[in-house]
Structures are given as structure tokens and as C-alpha cells.
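Take a look at the structure set out below.
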Amino acid sequence: MVKKTLLTLVSLLSLLLIMSCEGKTKTPKVLHIPTAIVTVDTLAHLSDDMQCHVHVDFTYLKGKKYEVINDSLLRMGLLQPDYFSISHNRLKPQIAISSFVRQYVKEYMAIARLIRQKEKKRSQLIGELTIKTELKAAADDYITAISHIAINNGNGRLTQYTIIRNFNPKNGHLVNLGEVCGKEYKEELTKKIIGQLAEQEGLDDDDFIGLQRKGYFIGIDPYPTENFILTDDSLVFIYTPGEINQHEVRVSIER
């Protein structure tokens with residue numbers, strides 16, 4: 001009887017241990033390169049109903065040896081509008097972010113004046129742009145840069161979207177899907193994305209027509225976006241609002 005009781009207790013203990021291990025979340029990979037943040041917050045106004053508020057938190061790699069990499073980081077389109085991609089001058093985060101905010105405010109106010117002159121009624125033109133970027137450890141020794149963007153052009157409608165870039169911190173090289181998954185990646189990844197989306201929507205794996213009925217890929221062929229988060233064991237594809245659906249869509253598949 002005692003032996004049977006001990007066996008039962010051991011079995012229960014083993015079961016609890018297994019359940020405990022399964023319930024643990026995987027520890028996020030740590031980025032060991034030091035980072036810093038440039039913050040600029042500006043409120044420009046011509047009147048109470050013609051204003052522009054811009055807030056930017058831009059994360060970059062800290063240290064003189066990363067100056068070339070930070071120059072590349074500023075040209076990756078993480079800042080929208082993308083003023084810097086064709087710039088020929090060396091970019092430094094502290095100077096570039098201030099320049100970005102000034103340029104955006106200048107352009108917004110110029111457009112707001114034109115709208116005010118054209119419209120007979122005094123319309124409210126209160127614009128706002130918020131950009132917050134973060135850097136995370138990605139697969140291998142790569143880094144994932146994530147930019148969270150929220151914009152209101154003064155029409156009272158807020159648009160939010162996410163831009164992702166994966167890069168090599170040794171040289172600033174952007175990593176694309178072909179490098180990660182091989183040259184013949186499109187067909188296989190597309191099939192996996194459709195299957196995962198169908199599962200998220202409670203459909204059969206290959207029910208592409210069902211996905212279209214739910215508002216996905218209307219009038220376009222399915223495809224894997226280059227806007228993806230790269231980890232050691234997964235790819236997280238992030239489609240911006242209006243790209244394949246009215247809303248932002250995230251699809252995670254195993255590598």
C-alpha cells in the first residue's frame with residue numbers, strides 16, 4: 001500500500017513538473033550592444049485650430065564605433081516621411097532627428113495654409129505624428145529595428161502602423177527574406193502564411209477563397225512581406241493597414 005502511494009505521488013510530481021515546464025514562456029533574447037534614445041517633442045502652432053505636434057523617440061546603437069551603422073539605421077525608412085534615404089551627408093541621430101521634426105512641421109504647416117486658403121469655412125487642422133523605435137536581438141547576431149508610427153494629418157483620423165527592418169550590426173546590411181529562407185522562398189512561405197491566416201480565422205488550411213471573403217488579399221495575389229521580425233525559431237510577418245486587409249495583420253510561422 002505504501003509502495004503504491006509513493007508511486008502515485010511520484011507520478012503526480014512528474015506530471016506537475018512537466019506542466020510547469022510547458023507553461024514557462026521562453027526568455028526573450030537579450031541585445032548585448034548598448035543603446036541610447038534621442039527624444040524630440042515639438043508643438044508648433046499658427047493658431048488654436050492650426051497646430052502640429054511631433055514626438056519622436058529614436059533608439060540607436062551607443063558608441064563611436066557604431067556611427068556608420070547608425071547612419072544606415074536612419075536611412076532604413078523607420079522614420080516616415082523618409083527624408084534621409086537619398087541623403088549624401090553622414091547622419092548622426094541627435095542632429096538628424098531634430099532635422100526630421102523641423103522638416104515635417106514645415107511641410108505640414110505649408111499644406112495646412114493651402115487648405116485654409118482654399119476652404120471658405122475655418123477647418124480645424126491639428127496634426128500629430130508620433131514615432132517610437134526600438135532595437136531587439138534577432139536571429140543569430142542580427143538586430144531587429146521596430147518603428148511604431150501613429151499619424152493624424154489633421155482630419156481627426158488616426159492611422160497606426162509598424163515598420164520592421166532586420167540588419168547586421170557589423171556593417172548595417174539589411175537582411176531580406178531571400179537571405180534567410182533561400183532563393184525559392186516565396187511559394188513555400190506564401191503557403192504557410194495562407195495556412196496560418198486560415199487557422200486564425202477558423203478556416204481550412206487552404207481556404208484562400210474563405211480568406212478573401214473575410215477581407216484578405218482582395219484583388220491581389222498573396223505574398224510574404226519583407227516587413228518581418230526575425231527570430232531564431234520564427235518569422236513574424238506584419239502587414240500594414242490597407243496592405244492585405246483593412247487592419248494591420250500579423251502572421252507568425254515557424255522557421
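Do the sum for the chain: with -39,500 (n - 2.57) for every DSSP H run of n ≥ 4, divided by all residues, what is the mean residue ellipticity at 222 nm, to the nearest 500 deg cm²/dmol?
Mean residue ellipticity at 222 nm (helix-derived): -10500 deg cm²/dmol.
What number, in nm² with one decimal, is the all-direction average of the projected area of the convex hull of the alpha-carbon atoms of region 115-245?
11.6
Send over a whole-number figure in Å² for the accessible area per residue of the chain, probe 1.4 Å.
62
In debye to the nearest 20, how big a dipole does region 43-85 give about its Cα centre with +1 on each Lys and Arg Cβ and -1 on each Asp and Glu Cβ?
420
If one takes the longest principal axis of the Cα atoms in the chain, at what angle in degrees, from 0 to 90 and to the nearest 10, does the Cα axis of helix 185-200 lie?
Rounded to the nearest ten degrees, it is 80.
Quick check: Cα centre of region 199-255 to Cα centre of region 68-121, how many Å?
31
Got a number for carbon plus sulfur as a percent of the chain's accessible area, 1.4 Å probe?
Answer for the chain: carbon and sulfur cover 54 percent of the accessible area.
Assigning unit charges at the beta carbon (Lys, Arg +1; Asp, Glu -1) and nothing else, what dipole magnitude in debye, to the nearest 20, does region 178-254 show about its Cα centre?
It comes to approximately 280 debye.
With every protein chain left in place, what is the accessible area of residue 39 in Å² (1.4 Å probe, nearest 10)?
About 80 Å², rounded to the nearest 10.
Kirkwood Rh over Cα pairs of the chain into Stokes-Einstein at 10 °C, 1.306 mPa s: D in µm²/s?
My calculation gives 73 µm²/s for D.
The values are calculated or read from the model by the stated rules, or taken from the named source; none is laboratory data. On a predicted model such as this, the values are computed, not experimentally measured, just so you know. Using ideal geometry, Cβ is built from the backbone for each residue, glycine included, and neighbour counts are taken over all protein chains shown. These area figures cover heavy atoms from the full protein model, side chains too; ligands, DNA and RNA do not enter into them. Shrake-Rupley method; radii C 1.70, N 1.55, O 1.52, S 1.80 Å.
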